[in-house]
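Before any comments, here is the structure.
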Amino acid sequence: MNKTAKTVTLALSAAAALCLAALYLPPLQASVIALVERLKDDDIRDVFWKQQMFAFATCGILFLAILNLILWTKRGRDIFASFRSAVNQECAFINQNKKYFIFLLAVYFLGYFTIIRNNFCYIAMDDLSRQLEGDRDWVNWYRYIDEFASILIHTSPRLIDIAPLTQFIALFFVALASFATVQSATNNKMTYKACLASLPIGLFPYFLTNMAYRFDSPYMALSVFACAMPFAFKKNQAAYILSSVIGLLVMCTSYQASSGIYIVLAMFTVLKMILDKENWKDIGKFVLISVLCFVGTLAFFNLTFMEREFKEGSVDERMNVLNVLANVKIYIGLVWSGLGKSFLKALIVLSLFFGLFCTVVFAKQNKIQALVFTVVFYALAMPLSYGVYLAMGTPLWLPRAMYGIGFFVAAALLLIATDVESNKGCVRKISSVLIFATSYCCLAFAFAYGNAQFQQNKYAEFRMALLANDLSKIMSDGTPEETKELLFVNGIDYAPAAESLISSYPLASSCIDRYSTGGRASQNILRALNFLELKSGDSHHLDNQGLPLLLETSFHKIYGSGNKYLVSFKNEPLNVIRTRGFVEE
């Protein structure tokens, strides 16, 4: 770019920066909010949007400053050129090793097959609600990438149901995340064995719930890739720093639960550097850069985007290091108990101990040091896989926020996959068996989960169809325009197929959504059956005191009086003596 063009760019950038800086002024912020409220004919959250205007202005000014640093300074141009070269080299590397990427795509498609084939809505308050109403509503959680990218992906500001295309996009990002992780772990020496070892990244039970979402899955998977991608550039310092900052910002504005992934992979990279006997100065520099990138980027996001006022809700977002130890105990307890007495748990434990053995036997440095550093990695990376959620007052204790543990398991398997490559004996064979068996268990659970969730949805829809039929007889009095109040005491319990999976894997109870959980979820299902249309207004809690019982069946009780109706589901099946053998005609 010639000097004149750069000067024009600088002048335009200065003008744009002044316009953006005006958004810092409270009177202008108030005017913008008032204008939006008039256009929407509805109130919006003043405090939240004032903070977002501050964030947008800050990000815009920083972007303009970086752009001009690149244009006007040699150092800036050199850094940008180095980053662009690293990206081009990475694209070339993927092209040269596309057989491994295609392998990962194929295996992940196989793993997600029952989720995709069964074509169910996951969570009536989420997927079904978006399917019926077309609302995005991600911006309230600072997920701006989701908010704007969804308009392009769904080709409309109003969401339309394009699944499984969304899940195919998510699958692509997960395969890229696995590829980048394997590339980093093997120092660009890709193998099918290492690719198999990376499968818990996308097939570990917790992450399956993220893939089940028809609308959210691409952005959840994007955040996973954004946190794994920087480690493909670890040999290029400038590219690693830039990709880390960009990746962590993408994570923060797409799905924040992936924060633990960056921590696990950074610690795993450090462990590999130590075991490979790399220079301690280089190791220290990598640790310092990783910590500064992580802490600096998340601190910037917290200070610019997040509200200072606490919002009441199921999740307490306020950070305090004093919460960490208590949350670590809960997190480890949930993961350990969730795996039950499964083969998967036993294989993970065996892989961890086998990893200790391999690091001692094949380490290039002092064996005691190798053992100590590996134990430290296990002890820290496992709990830290939950990321910044550990510091929250009340974190989100759901599988869709706990999938960082899959990266820890993948790192443990990659450790034994890469450490024993030079060994041609039984040690290498044992590592192969452990990797294949663990990956197979993840694959088997993925099949079982997709089938169980489908059966659960089918069971819930069957129960709701019976309820709609009974309600249609009871609520038929009055004119169709008359607004009625319909509330639910409880929800529908697990289907027998879901209970079967839960008995083997207790964590399935939190992975499988019961679909009709009462309240708005049940109303959404009835709405999907075209039984009702929801109107605005306040609906107050009711119990059966004062409401007469109108109908009781084997599946539910319906209470009501006037225009108020209350449903109580019955979740205890009838006891029937089992028939012995076959009845001959």
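Readers should treat all values here as calculations from the given coordinates under stated rules, not as data from a laboratory. Keep in mind it's a predicted model, so treat the numbers as computed, not measured. Because the Cβ atoms are built from the backbone with ideal geometry, glycine has one as well, and the counts that use them run over all protein chains shown.
Which of the listed residues, A16, I70, Q51, is farthest toward the dipole's positive end in the chain, when Lys, Arg count +1 and Asp, Glu count -1 at the beta-carbon?
Going by the charge dipole, the pick is I70.
Counting only complete DSSP H runs, which helices of the chain cover 24 Å or more along their long axis at the Cα atoms and score a mean Kyte-Doolittle of 1.6 or above?
Helices meeting the criterion: 165-185, 259-275, 343-362, 367-384.
Based on the mean of other Cβ atoms within 10 Å per residue, sort peptides 500-507, 572-579 so the most packed one is first.
Going from most to least packed, we get 500-507, 572-579.
What FRET efficiency comes out for the pair I474/L18, r = Cβ-Cβ distance, R0 = 60 Å, nearest 0.05?
Efficiency, from the Cβ-Cβ distance: 0.40.
Out of all DSSP beta bridges with both ends in the chain, state the antiparallel percent to the nearest 5.
75 percent
Between (i) 95, 32, 20; (ii) 32, 31, 23; (iii) 44, 36, 20, which entry matches semi-axes √(5λ) of the Cα gyration tensor in Å as derived from the coordinates of this structure?
Step by step, semi-axes √(5λ) of the Cα gyration tensor in Å for this structure corresponds to label (iii).
Would you mind calculating the gained length between E278 and T4 on full extension (0.36 nm times residue separation, minus the Cα-Cα distance), in nm to one decimal?
Between E278 and T4, full extension yields 93.9 nm more.
For S244, what charge total do you get from the other residues with a beta carbon under 15 Å from its beta carbon, if Lys and Arg give +1 and Asp and Glu give -1?
+2
Report the label-to-label distance for R318 and K235 in nanometres (one decimal), using points 7 Å from each Cα along the Cα→Cβ vector.
About 4.9 nm separates the two model spin labels.
Rounded to the nearest 20 Debye, what is the dipole magnitude of the range 105-194 about its Cα centre when Lys and Arg each give +1 and Asp and Glu each give -1 at the C-beta?
It comes to approximately 520 debye.
For E482 and F462 in the same chain, what is the full-extension length gain: residue separation times 0.36 nm, less their Cα-Cα distance, in nm?
Result for the pair: 4.5 nm of gain on full extension.
In the range 316-399, which trypsin sites (Lys or Arg not before Pro) fall in coil by DSSP and have 14 or fewer other Cβ atoms within 10 Å?
K341, K364
Given only helices, namely DSSP H runs of n ≥ 4 each adding -39500 (n - 2.57), what is the per-residue ellipticity at 222 nm of the chain, to the nearest 500 deg cm²/dmol?
So the calculated ellipticity at 222 nm is -20500 deg cm²/dmol.
Answer with one residue from G562, I474, F462: the one whose Cα lies farthest towards the positive end of the charge dipole of the range 449-569, charges on Cβ with Lys, Arg +1 and Asp, Glu -1.
So the residue furthest toward the plus end is F462.
Give, as a single signed number, the net charge of other residues whose beta carbon lies under 13 Å from the beta carbon of A228, with Lys and Arg counted +1 and Asp and Glu -1.
Result for the neighbourhood of A228: 0.
Report the full-extension gain for the segment K329 to S85: residue separation times 0.36 nm, less the Cα-Cα distance, to one decimal in nm.
83.4 nm
Taking the Cα centre of the chain as origin, work out the dipole magnitude from +1 charges on Lys and Arg Cβ and -1 charges on Asp and Glu Cβ, in debye rounded to 20.
Once rounded to the nearest 20, the dipole reads 2800 debye.
With just the Cα atoms defining each centre, how far is the range 161-230 from the range 565-579? Give it in Å.
Taking the Cα centre of each part, the range 161-230 and the range 565-579 sit 41 Å apart.
Would you list which lysines come within 20 Å of K193, measuring only between C-alpha atoms, while excluding same-chain residues fewer than 8 positions from it?
K98, K99, K272, K424, K429
Expressed as a whole number of Å, what is the distance separating the alpha-carbon centroids of the range 427-497 and the range 128-150?
That distance is 23 Å.
Can you tell which of S82, A170, M267 lies farthest toward the positive end of the dipole of the chain, using +1 and -1 charges on the Cβ of basic and acidic side chains (Lys, Arg; Asp, Glu)?
After comparing all options, I get S82.
Lysine pairs in the range 449-569 8 or more apart or on different chains: how many have alpha carbons under 15 angstrom apart?
6
Name the residues whose placed amide hydrogens come within less than 5 Å of the amide hydrogen of G560, ignoring near sequence neighbours (fewer than 5 apart) on the same chain.
L550, L566
Using a 7 Å offset from the Cα along the Cα-to-Cβ direction at both V376 and R158, what is the distance between the two label points in nm, to one decimal?
5.8 nm
Return the percentage of antiparallel bridges among DSSP beta bridges fully within the range 449-569, rounded to the nearest 5 %.
Rounded to the nearest five, the antiparallel share is 70 percent.
In a shell of Cβ-Cβ distance under 9 Å around I558, excluding I558 itself, what net charge do Lys and Arg (+1) and Asp and Glu (-1) give?
-1
Of the listed peptides 440-453, 203-216, what is their order by residue-averaged count of other C-beta atoms within 10 Å, with the highest listed first?
So the order, starting with the most tightly packed, is 203-216, 440-453.
Let me have the relative contact order for the range 77-225, percent, based on Cα pairs under 8 Å that are six or more residues apart.
30 percent
Using label points projected 7 Å from each Cα along Cα→Cβ, tell me how many nm separate V287 and D41, to one decimal.
The two pseudo-label positions are separated by 6.2 nm.
How big is the dipole moment of the range 98-448 about its Cα centre under a simple scheme where the beta carbon of each Lys and Arg is +1, that of each Asp and Glu is -1, and everything else is neutral? Debye, nearest 20, please.
1460 debye
What is the distance in Å between the Cα centroid of the range 1-40 and that of the range 347-369?
Cα centres, the range 1-40 to the range 347-369: 56 Å.
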